Every structure is written in C-alpha cells, then in structure tokens.
Amino acid sequence: MFGRKPIEERLAERRAQLPPLKEGEHFEHGPAKFVFIFLIVFVILAHLVGLVVLMALDLH
C-alpha cells in the first residue's frame, strides 16, 4: 500500500536485526513483568495479613 511493505514484513525485518535473546535473562513485556511481580507480592502480603488477623483473634 502506497509503495510500502506490509507491516508484517517490516516487523519481521526489524526483528531479524535484533541480537538473539539470552536464555533466562529476558522478560519480553515490561508492563507484564510489573503486573506479575505486583500480584505475587500482593498475594504474599494478603496471606501474611490474614495470618496475623487470625492469630490476633486466636482462630488459627
């Protein structure tokens, strides 16, 4: 369209120019990493708060 390559071809060429990813050192989507870590921390804190509440009420 209009003398340009399709977006798929342009993306493939740009991706081919990038160096290969190193195993275990790359999380491809930054915001997803942030949400993932936030949810893990939130779940752990929620469990700890629940444990403290139950211990305070002597229901454990």
Nearest 500 deg cm²/dmol is fine: what mean residue ellipticity at 222 nm does the chain get from its DSSP H runs of n ≥ 4 alone, each adding -39,500 (n - 2.57), divided by its residue count?
-21500 deg cm²/dmol
To test your reading of the geometry: what angle, between 0 and 90 degrees and rounded to tens, separates the Cα axis of helix 30-56 from the longest principal axis of the chain?
10
Computed log₁₀ I(q)/I(0) - Debye formula, equal Cα scatterers, no solvent, the range 7-56, q 0.12, 0.14, 0.20, 0.24 Å⁻¹:
-0.52, -0.61, -0.83, -0.92
Angle between the chain longest axis and helix 7-17 axis [Cα atoms, degrees, rounded to 10]
80
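Read the figures in this text as sums done on the coordinates, not as results from a lab. Since the structure is predicted, the reported quantities are computational estimates derived from the model, not experimental observations.
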